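The values are calculated or read from the model by the stated rules, or taken from the named source; none is laboratory data. Keep in mind the model is a prediction, meaning the values are calculated, not measured. Virtual Cβ from ideal backbone geometry, glycine too; neighbours counted across all protein chains shown.
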Amino acid sequence: MAQAFRRFLPMFDRVLVERFKPELKTKSGLVLPEKSQGKVVQATVVAVGSGHRTEDGNIIPVGVKVGDKVLLPEFGGTKVVLEEQEYFLFRDGDLLGRFES
């Protein structure tokens with residue numbers, strides 16, 4: 001996995017995230033069908049760009065760092081497959097929030 005990130009780095013204010021795995025079972029052990037699993041809107045940041053450049057040349061840094069857990073919008077993002085693993089690219093401004101550890 002580390003090799004893929006050396007070859008791929010997000011540009012500008014983009015953030016590469018790995019979505020959490022959907023819950024396949026309830027707490028009581030019942031297996032959930034795919035239709036009722038729901039969309040996963042939490043992810044871990046795996047790579048970030050350098051930031052957004054303003055008109056006068058200043059760089060506004062990205063608001064998250066690698067390892068942060070973030071809340072994603074239900075729709076959006078660009079799917080990226082690296083070494084048979086799915087990741088998603090979002091703009092920093094599209095992320096809805098960050099979870100504190």
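For this structure, a couple of remarks:
- Where a residue in region 78-101 is on the phi > 0 side of the Ramachandran plot and its partner, wherever it lies, is assigned to a helix (DSSP H, G or I), with Cβ under 6 Å and at least six apart: Glu83/Ala4
- Members of region 46-81 that are surrounded by 10 or more Cβ atoms within 10 Å (Cβ to Cβ) and of a type in the set (Ser, Thr, Tyr): Ser50, Thr78
A quick yes/no check of all residues on (1) at pLDDT below 85; (2) among the β-branched types (Val, Ile, Thr); (3) not in a loop (DSSP other than H, G, I, E, B):
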| residue | (1), (2), (3) |
| --- | --- |
| Gln3 | yes, no, yes |
| Leu16 | no, no, yes |
| Glu23 | yes, no, no |
| Gly38 | yes, no, no |
| Thr44 | no, yes, yes |
| Gly67 | no, no, no |
| Gly76 | no, no, no |
| Lys79 | no, no, yes |
| Ser101 | yes, no, no |
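- For region 84-101, taking the residues that are exposed (fewer than 11 other Cβ atoms within 10 Å of the Cβ) and acidic (Asp, Glu), the one that is nearest to the chain's Cα centre (by Cα) is identified as Glu86.
- Counting only residues that are under 25 Å from Ile60 (Cα atoms) and acidic (Asp, Glu), region 72-101 holds 3 of them.
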